[in-house]
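Here is the structure we will look at, set down as structure tokens.
The values are calculated or read from the model by the stated rules, or taken from the named source; none is laboratory data. A quick note: this is a predicted structure, and the numbers were derived from the prediction, not measured. Using ideal geometry, Cβ is built from the backbone for each residue, glycine included, and neighbour counts are taken over all protein chains shown.
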Amino acid sequence: MDAANYLYLSVLLFTIGAVGVVVRRNAIVVFMCIELMLNAANLAFVTFSRINGDLNGQVVAFFTMVVAACEVVVGLAIIVTIYRSRRSASVDDASLLKR
Amino acid sequence: MIELALAVGQTQTPEAVMFWILAPLTVAAAFGMLLVKKAVHSAILMASVMINLAIFYIAQDALFLGIVQIVVYTGAVMMLFLFILMLVGVDSSDSLTETITGLRPIAITAAVGFGGLMVSLLSRATLGRSAVGLQVANENGNVKGIAQLLFSTYVWPFEVVSALLITAALGAMVLAHHQRLQTRPTQRELSTERFRGISLANAAGLPAPGVFARHNAVDVPALLPDGSPAANSVNATLEARGDMLNSGAFELGKIDTSAGEEK
Amino acid sequence: MNSLTLLMLLPIFGSVAVAATPKAKETLTKQVALATTLIVAAATIAMAVSFQRDNVDLQFVEKYSWIPTFGINFAVGIDGLALVLILMSTILAPIVVLAGWNESHGGRWSVKVFYILILVLETMMIGVFAATDVFLFYVIFEAMLIPVYFLIGGYGSGQRSAAAVKFLIYSLFGGLLMLASIIALYVMSGDQGGHTFDLQALSQLQMSSTTQNFLFLGFFIAFAIKAPLWPLHTWLPDAAESATPGTSVLLLGVLDKVGTFGMIRYCLTLFPDASKTFTPMILILAVISIVYGAFLAIGQRDLKRLIAFTSISHFGFITMGIFAMTSQGHSGATLYMFNHGFSTAALFLVGGWMISRRGSSTIADFGGLQRVTPVMAWSFFLAGMSSLALPGMSSFVSEFLVLVGTFTRYPVHAVIATFGIVLAALYILIPVQKALHGPTTAGNENLSDLNLREKIAIAPVIAIIIAIGFYPAPLLKVINPASAHVIAQLGFTDPAPTNGDK
Amino acid sequence: MTTSNSLVYLIALPLLGAIILILAGRRADKWGHILGTLMSASSFVVGLYQLSQMLGRSNQARPVTQKLFEWISVGTFKVDAALLLDQLSICFVLLITGVGTLIHIYSISYMSHDHDRRRFFAYLNLFIAAMLLLVLGNSYLNLYVGWEGVGLASYLLIGFWNQKPAYATASKKAFVMNRIGDMGLSFAIMIAFASVGTVSFEGIKEHVHHTSTGALTAIGIMLLVAATGKSAQFPLQAWLGDAMAGPTPVSALIHAATMVTAGVYLITRSSFIFDAAPTAQLLVVIVGAITLLFGALIGTAKDDIKKALAASTMSQIGYMILGAGLGPVGYAFAIMHLLTHGFFKAGMFLGAGSVMHGMNDEVNMRKYGALRKFMPITFATFGLGYLAILGVPPFAGFYSKDMIIETAFNSGGTKGIILGSVTLLGAGITAFYMTRVMILTFTGKSRWDEEVHPHESPLLMWLPMAVLAIGSVSSGFLLSRGDALVNWLAPLFEEHGEHSELLKPIVVSGLALMMVAIGVAIAFLKYSRQEVASVAPEDVSVFTKIARQDLMQDRFNEAVFMRPGQHLTQVLVKTDEAVIDGAVRGVGQMAMGSGALLRGVQSGFVRSYAALILVGAVLLIAAIWVVTN
């Protein structure tokens, strides 16, 4: 089987994730969509690793996972904090940046 | 299309069977994430995407990553998501109508453009190259191979990432930490407050939800002796979140008339 | 005193001294500032005495390496043109300090800051005329904006912030164009024998006429904004309206001269061919400025704006004289720069006193001042007569030289510009009539006449105006060789008498 | 040419007086008028001394010069501050300082009640100095300094009582209209320099012969423009009537005897240019002819005694200009008329001042009448001036005016007949309006208000009037006896060939006297035989109405220059704010507008930022796609 198919799948997932980030309003869902994009990237890395016959791609994917975990921890903490003060998990409600 | 057909034709190995079954499922689950209203459903769909990905990793000779994906990602991270969801309110459902004008068409057009361009680029880049495969690299086992790289070439990034992880943990703690402005009232104080308060009505505690009402669900207010709903019988969080059912609908004898809710 | 660098440092020392004075003793601060400016003026006069009048080369030349990597030097030197302008600036400075003794009150910042700004500005005023390194000139040209910006925005009146910003942005825009041209010159100098910013070396550059035209415009627009030439003048009335009278004097009297000075020193020297190409257009702009400024002055209701517009008209004359390319026009223009400094100073200072006494700058609020405050009225009248170039006043000599010099080569321009003298009579006599004549209007009965300090401040200005009007020879003898040199370098000779064969 | 070191004192003395009086301020109130008079008188003495010196020299050596210092010198444009006193200048010097001193003396008394009398004398001295500079300057540029100097003095003196808005406006109007004339003078100087290369009288005179007629005509016309401004000639005559706002001595000195005649001086001084430029000369004559009728017609309708005299001045200067425009033959007569006019018109103005002095500053002649009994000396001096202006022999005007009329007739062809007729007609009208002035003021019944108590003026006032009256009587005879003035001035002007005599002098005199008699008779019939209304009647012919409004000159100026000018100014002010500054502000607003527009993108919504990032990524990838394609 052509390994490129995984790449196409990765692109598809990434795109779906990107749309989700933009379209969904629930901060947690937005977060999950970001995770989806990261995972899509990971899939691409793993596939590259296979195509090149080299484990470097897998290591990068591993690092990505760690960074993603960190990001999730902090991000979710932020969501909780925002929820605590604003009683809402909608990203649209946290729009004070413009003022 | 011809290339796609060729690719389909080439996919004959078991891996191909697996791919052509799981890949559509993965994409469908991902799509579902966008479309379902409830965040919990999204989370579950996300988990399924992740498990599928883990299978793809393993299929591509990335055994370690596949396991990590399941254990760390699907197991830990997704559970964290669920926890937070619970904390925020598991029942809350999103409205999918767009409030920012023009955002959705832009997003979709951009996404389609993005996907199309990427696919086009990928097809240019990979066309006519076959994969090398990881048989050589994984000679001593996938885990050993990765470990060798991690602790030699990537030892410095590895350390940095560990620092990052600790920092993130600390950061999360700091963010989640809630400074109390007053000392926590003791049992005694609470009790005094109940009895010395403005009214004795709450001395025996707040009314439980659902009492005398048609439903005894937690989000249905109790009915007072005169038949009007008791707003304070329902958890304030539910009310704030808008999850409380309209008590007017359960009011005795006034089922069809709408009555303003007492505060 | 034979060192320009030292001359430039003197006000800096003074500003340090001013900064060291205790905050509570404002009078001491002012006295230190006044003493500094007086010393600088005396030093400049001493310098002028030892100036060799017939030597057309730069004198008092000094050169120190500043940024060797880019071939930038701290290079100064003056010819007759620069000497006259430095003389004017340093004589005006103590007058401004003395005349505006109380201008620093009611500002955003303390009295000390006001005088530090003035003294720093004085250093730059000397430097900008003395610089012979194009980069140094540019740096001072732009840096001068800073103290003026704060002087307008911090101590002015009315819409002072808006006016200060308008002034700054206008000037910066021009400066930016000039910077582009300077960089282009620098790059070209690298291709032709070594990177340099030296004015002398840059004037020898070979360049195509298109390049020259573009670079010329870069410089010229910057100077046309400074010198306010129609239609780039609209910052001036606003700035003058908001600034304190003293600041206005420095702004119109000295800073704007950098524009006309730059036209001679940089536009004509660096781009002789382009100057010739653009001369017809510039002359038209100059003539428009003369007539337009005069008409606008007639139509003003605010005294400060009126004076600003008269200056636009006068700058039209100066520009016309510069680009008439005759020795009379050139010398006249240079002399005009000197004279305009003093006649505008007189108008602004006396106008400022009138305004501060009355608490309004609307001309209609005055009336009958000649009965109430005869000395002030006389001073204003004489300043006005100088502005309308009455013979016997210094401006007449320069204005007439400009007209005669222009007429010999561009008769039509000169004829139209001469109509400006009728308009000048109107724009001076209308405010004179409204403010000084007529019955004393309500609210003016108890205005006080000039006090001793103010009389001391205005007396030298009027004395210079009248003295130069009758005996301009000392200045003309300094100016003439420099003007003749510029004209000769451009390859022009004065038109010979035609005997009417036209 | 003879040089002298004392010429400068002529100017310096009165100038010093002016400076002292201005700088000394109130401290000089007590002695200011005496100092002013002394300075003027001493200048007169210097003038007499110069005359005596000049008489002692031969005809060609009479002009003297004095170089003071190098004034302006740039390239070939070299102008020295230098003075020239020749036969022409000395006439003016003596007229200015002589009449000037008399008027100083008169003013001591006339202005004694004004607490700004010192300032008045300062201005008078300033005027004397400027006027002397005007006639003594040896180049057009020096003349120009004096030219504007007298304009300034005139402005200050007309507006002496500038607390009255109308007076302040009158002074401004005089200055501005004079400036239009000055502009002509600057044009003349510029053309002279561009075409001849010098601006001194001597230098231009030398080059006249190889300078083209075109250039000379241009210079001549521009000099004429200058003359019309200063001498209140058509079309720049409108300021003179309003200039009567100044104190009466000023009207006598500046607006009758001296400053307004500067135009005549300029044209005579430039005789070498006009003689070589016939077109310009013709224009001079035309201007003179128009103005002499114009002024005379205005004079017939004025009820204000000073304005009637001003109109008369305008008309008489018209005679002089016309005389000067007739070429070499006419210059001397123009100057002669200028001198005699200086005497009799100054005398009459002082008389008018005396009348006003006795009548509580009333200027309306309809409120006078029968003053002969109350002011006998004024009546006598005024009457002598009256006879002089009419040209009744042997009074001064007879000699000078008849000469101009005669020269006009003799100027040849149709031109001569037209000019002669015009001057004759002018003489008739002059007789009419001057008689009217006499009748309304001094004879008939008294028409003044009750509170007025007319009385004769004090000695200091009537003495100068008497002196001027003597001049009015005798000057014409003295100047023309044996062609004294003509011969005196002859070296300055080109020789003139004999003209054919159209009419014999005796015939001209007869005709002139006949016209005068007619004019006087009409005036008698109209004003002496019937009651004069003390209020100007309204039911008058349209011509009278127009004449009362100075033949619409102000209306014309207002409609053609002032209002369009004001509109233009207003439009330009608005344009400047809206269009030019608007464009500048527009650039600023464009920046702010685009900022505001782009700010919409910064909605604060994270998702819109994300969408932008996505769009950016797409664009980036599209770029890669295009590049790698």
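State yes or no: is A:L36 buried (at least 23 other Cβ atoms within 10 Å of the Cβ) and within 30 Å of B:M173 (Cβ to Cβ)?
Values: buried (at least 23 other Cβ atoms within 10 Å of the Cβ): yes; within 30 Å of B:M173 (Cβ to Cβ): yes.
Yes, satisfied.
Looking at B:G102, B:G115, B:G141, B:G128, which is the one that is facing chain A (nearest Cβ under 8 Å) and either on the phi > 0 side of the Ramachandran plot or modelled with pLDDT of 80 or more (or both)? Explain how you work it out, then say what you get.
Working: B:G102 fails: facing chain A (nearest Cβ under 8 Å); B:G141 fails: facing chain A (nearest Cβ under 8 Å); B:G128 fails: facing chain A (nearest Cβ under 8 Å).
The match here is B:G115.
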Failed condition for C:G174, given (1) within 29 Å of C:S361 (Cα to Cα); (2) among the small types (G, A, S); (3) crowded, with 19+ Cβ neighbours inside 10 Å: (1)
Scan of the range C:267-294 for residues that are more than 18 Å from C:G329 (Cβ to Cβ) and either free of Cβ contacts under 8 Å to residues at least 40 places away in the same chain or crowded, with 24+ Cβ neighbours inside 10 Å (or both), ordered by number: C:F271, C:Y292, C:G293, C:A294
Of all residues making up the range D:117-161, the number that are outside any helix (DSSP H, G or I) and within 11 Å of chain C (Cβ to nearest Cβ): 1
Among (1) facing chain B (nearest Cβ under 7 Å); (2) surrounded by fewer than 22 Cβ atoms within 10 Å (Cβ to Cβ); (3) part of a helix (DSSP H, G or I) - the single one A:T47 does not satisfy: (2)
Breaking point among (1) buried (at least 24 other Cβ atoms within 10 Å of the Cβ); (2) within 14 Å of another protein chain (Cβ to nearest Cβ); (3) at pLDDT below 85, for D:H255: (2)
Qualifying residue in the range C:158-166 (condition: without any contact (Cβ under 8 Å) to a residue 12 or more places away in the chain and either among the β-branched types (V, I, T) or touching a strand residue (DSSP E or B) at 6+ places or on another chain (Cβ under 9 Å) (or both)): no
In the range B:166-199, the residues that are aromatic (F, W, Y) and within 29 Å of the chain's Cα centre (by Cα): none
Condition met for C:S189 (in contact with a Gly (Cβ under 7 Å, 6 or more places away or on another chain) and either over 17 Å from C:M8 (Cβ atoms) or at pLDDT 90 or above (or both)): no
Candidates C:G351, C:G329 - the one that is more than 10 Å from chain D (Cβ to nearest Cβ), touching a residue at least 40 places away in the same chain (Cβ under 8 Å), among the small types (G, A, S) and in a helix (DSSP H, G or I): C:G351
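Right, A:T15: within 11 Å of chain D (Cβ to nearest Cβ) and among the β-branched types (V, I, T) or not?
Numbers: within 11 Å of chain D (Cβ to nearest Cβ): yes; among the β-branched types (V, I, T): yes.
Yes.
For the condition of a type outside the set (A, V, I, L, M) and within 26 Å of the chain's Cα centre (by Cα), what is the one hit in D:S40, D:S58?
Values: D:S58 fails: within 26 Å of the chain's Cα centre (by Cα).
None of the others qualify; the one that does is D:S40.
Based on what the data block shows, is B:V155 surrounded by 11 or more Cβ atoms within 10 Å (Cβ to Cβ), facing chain A (nearest Cβ under 10 Å), modelled with pLDDT of 75 or more and out of contact with any helix residue (DSSP H, G or I) (no Cβ under 8 Å at 6 or more places or on another chain)? Break it down into steps so the answer makes sense when it comes.
Values: surrounded by 11 or more Cβ atoms within 10 Å (Cβ to Cβ): yes; facing chain A (nearest Cβ under 10 Å): no; modelled with pLDDT of 75 or more: yes; out of contact with any helix residue (DSSP H, G or I) (no Cβ under 8 Å at 6 or more places or on another chain): yes.
Taking the combined requirement at face value, the residue does not satisfy it.
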Matching helices (runs of 4 or more DSSP H) fully within the range D:519-629 where at least 3 residues are surrounded by 15 or more Cβ atoms within 10 Å (Cβ to Cβ), within 14 Å of chain A (Cβ to nearest Cβ) and more than 32 Å from the chain's Cα centre (by Cα): D:606-628
Number of positions in the range C:73-83 that are part of a helix (DSSP H, G or I) and surrounded by 24 or more Cβ atoms within 10 Å (Cβ to Cβ): 3
Condition met for C:P411 (of a type outside the set (D, E, K, R) and surrounded by fewer than 24 Cβ atoms within 10 Å (Cβ to Cβ)): yes
Residue in the range C:366-383 that is at the interface with chain D (Cβ under 9 Å from one of its Cβ atoms), of a type in the set (V, I, T) and in contact (Cβ under 8 Å) with a residue 12 or more places away in the chain present: yes
Matching entry among D:T76, D:T65, D:T97, D:T37 (being hydroxyl-bearing (S, T, Y) and within 13 Å of another protein chain (Cβ to nearest Cβ)): D:T76
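Report whether or not D:V74 is without any contact (Cβ under 8 Å) to a residue 40 or more places away in the chain, surrounded by fewer than 20 Cβ atoms within 10 Å (Cβ to Cβ) and of a type outside the set (S, T, Y).
Numbers: without any contact (Cβ under 8 Å) to a residue 40 or more places away in the chain: yes; surrounded by fewer than 20 Cβ atoms within 10 Å (Cβ to Cβ): no; of a type outside the set (S, T, Y): yes.
No.
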Tally of residues being touching a strand residue (DSSP E or B) at 6+ places or on another chain (Cβ under 6 Å) and in contact (Cβ under 8 Å) with a residue 24 or more places away in the chain across the range D:145-189: 1
Residue match in the range D:177-196 (condition: of a type in the set (K, R) and at the interface with chain C (Cβ under 7 Å from one of its Cβ atoms)): yes
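Restricting the range C:101-133 to residues that are of a type in the set (G, A, S) and either part of a helix (DSSP H, G or I) or touching a Phe, Trp or Tyr at 6+ places or on another chain (Cβ under 9 Å) (or both), which is surrounded by the fewest Cβ atoms within 10 Å (Cβ to Cβ)?
Narrowing the range C:101-133 to residues of a type in the set (G, A, S): C:104, C:106-107, C:110, C:127, C:130-131.
Now narrow it down to the ones that are either part of a helix (DSSP H, G or I) or touching a Phe, Trp or Tyr at 6+ places or on another chain (Cβ under 9 Å) (or both): C:104, C:106-107, C:127, C:130-131.
On the way: C:S104: 26, C:G106: 10, C:G107: 19, C:G127: 23, C:A130: 26, C:A131: 27.
Residue satisfying both the conditions and the ranking: C:G106.
Being in a loop (DSSP other than H, G, I, E, B), under 22 Å from D:G146 (Cβ atoms) and more than 7 Å from chain D (Cβ to nearest Cβ) is the requirement here; does C:A389 meet it? Can you show your working first?
Numbers: in a loop (DSSP other than H, G, I, E, B): yes; under 22 Å from D:G146 (Cβ atoms): yes; more than 7 Å from chain D (Cβ to nearest Cβ): yes.
Considered against the rule, which asks whether it is in a loop (DSSP other than H, G, I, E, B), under 22 Å from D:G146 (Cβ atoms) and more than 7 Å from chain D (Cβ to nearest Cβ), C:A389 comes out as yes.
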Matching option when the condition is at pLDDT below 85, surrounded by 23 or more Cβ atoms within 10 Å (Cβ to Cβ) and touching an Asp or Glu at 6+ places or on another chain (Cβ under 9 Å), among D:G397, D:G391, D:G476, D:G444: D:G391
